[in-house]
Amino acid sequence: MDIVTLEAKGIHVSIDLAVGHLADLVIEREGRKLKPLHRAPWADGPPDLLPVHLPEGVRRLSGDFLCAPFSRSDVEDAPLHGWPANSAWNLVDSAATDDGWRAVFRLRRKVMGATVEKTLVLRDHHPFLYQEHIFAGGAGAISVAHHTMTSMSQGGRLAFSPKRLAVTPEEAPEADPARGRSLLVYPARSANLQHFPTIDGTAFDLTEYGANGRHEDFVTLVEADGNSLGWAAVARKAEADLVLTLKNSAELPVTMLWISNGGRNYAPWNGRGGVIGIEDARAAIGHAASLSDNWLKREGVATAFDLGGQVTFRQVIGALPLETFGVPQRIDAAKGCLRMSTEQGAVREVPFDEQFLRA
């Protein structure tokens, strides 16, 4: 079996070893089972029905996975998003801990000569998956990104740690009307996430996701200066939950939004949408672009890690019942907990390893 499942009290995660994708994450909270991660509807179907040219990572698209590099592999030959997203991983260690479970996986291939390991940690009664990636050795530099995806079948609201800029790339994801449609202006930028320019001359609110919008868009959010804890919160209407991703902003200084809202007409998407990607990254679009001069570097933002020693970066994914608390406007890590606050002054605390992202 390619799927391996790890469990702790109140949480379990499954990983697809064929491509290193998180196939499922289930969090038990307040009598509910929350499933924050999206798995593509074609991932478990007959593979011979898919277009033959698809990378393996798209064929088995699910949950969250490591991109290394992010987007085009135009320095070292590899599929879209690199070998970590498209080839096999081995389970090298898996054991219970004093308060949960810890497992280590190793990519069978090397990336720019580096050995790549993924460590997943579950803690009893914590509504979070803690994950770490390590690149050991190698030469040159590599861009990286998480590719966390969640379903938005009936839309929802989003909130973020303070961002100083939102920017679209030079080209739209779907510029050919025969293949699909993009809504935002390319290229464009805005310091106001609620007012991003669109091709019809209006403005798009990046903090709102309206289902069935029939558009495919991509925008990079740059973390505000001095903001160490980066986070995104997605309040999903249909699922009545709050999906959270958290990062160390010094390690992963941008968050890229992949707004997949039914804007692709061709297989395997076939007009299906209702998904948003929250892609925490240290990258520009493409490996070569990440290593060369690019707009992010001109903004003082790093877009790759130098290889040769040991490179480590971490991210956290979690979910909570939405209840009446609403969307947080502020999130802080306190001793033993994550503290979320709304504009109205409501405060919610949940168990959290506050040291994990500081390492």
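The values are calculated or read from the model by the stated rules, or taken from the named source; none is laboratory data. Computed from a predicted structure; not experimentally measured. So basically every Cβ, Gly included, is an ideal-geometry build from the backbone, and we count neighbours across all protein chains shown.
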*Identify, please: which residue in region 192-238 is closer than 24 Å to Arg179 by Cα, outside any loop (DSSP other than H, G, I, E, B) and aliphatic (A, V, I, L, M) and is, among those, modelled with the highest pLDDT?*
Val219
*Could you please find all residues in region 213-258 being among the acidic types (Asp, Glu) and either more than 20 Å from Leu129 (Cα to Cα) or touching a strand residue (DSSP E or B) at 6+ places or on another chain (Cβ under 6 Å) (or both)?*
Glu216, Asp217, Glu223, Asp225, Asp241, Glu251
*Which one of these does Gly345 not meet: (1) surrounded by fewer than 16 Cβ atoms within 10 Å (Cβ to Cβ); (2) touching a strand residue (DSSP E or B) at 6+ places or on another chain (Cβ under 9 Å)?*
(2)
*For Asp176: the one exception among (1) among the acidic types (Asp, Glu); (2) assigned to a loop (DSSP other than H, G, I, E, B); (3) in contact (Cβ under 8 Å) with a residue 40 or more places away in the chain*: (3)
*If you go through region 270-288, how many residues are of a type in the set (Gly, Ala, Ser) and within 12 Å of the chain's Cα centre (by Cα)?*
2
*Quick one: in region 169-200, of everything that is in contact with a strand residue (DSSP E or B) (Cβ under 6 Å, 6 or more places away or on another chain), under 12 Å from Glu216 (Cβ atoms) and of a type outside the set (Gly, Ala, Ser), which residue is surrounded by the most Cβ atoms within 10 Å (Cβ to Cβ)?*
Leu184
*Leading residue by the ranking (surrounded by the most Cβ atoms within 10 Å (Cβ to Cβ)) among those in region 87-122 that are outside any strand (DSSP E or B) and over 21 Å from the mean Cα position of the chain (by Cα)*: Met112
*Please give the number of the condition His126 fails out of (1) part of a strand (DSSP E or B); (2) in contact (Cβ under 8 Å) with a residue 40 or more places away in the chain.*
(1)
*Collect the residues in region 140-194 that are touching a helix residue (DSSP H, G or I) at 6+ places or on another chain (Cβ under 8 Å), at negative phi and not hydroxyl-bearing (Ser, Thr, Tyr), keeping them in residue-number order.*
Ala141, Ile142, His147, Val167
*Of all residues in region 9-45 being of a type in the set (Gly, Ala, Ser) and in contact (Cβ under 8 Å) with a residue 60 or more places away in the chain, the one that is surrounded by the most Cβ atoms within 10 Å (Cβ to Cβ)*: Gly20
*Given (1) out of contact with any Leu (no Cβ under 6 Å at 6 or more places or on another chain); (2) buried (at least 18 other Cβ atoms within 10 Å of the Cβ), index of the condition Asp205 fails*: (2)
*Just for region 236-256: of the residues that are aliphatic (A, V, I, L, M) and crowded, with 21+ Cβ neighbours inside 10 Å, which one is nearest to Thr342 (Cα to Cα)?*
Leu242
*asked:* For a quick check of your reading of the model, give me the residue pairs whose first member lies in region 269-291 and is farther than 29 Å from Leu229 by Cβ, whose second is among the acidic types (Asp, Glu) and at pLDDT 95 or above, with beta-carbon atoms closer than 6 Å and at least 6 apart or on different chains.
replied: Ala288/Asp74
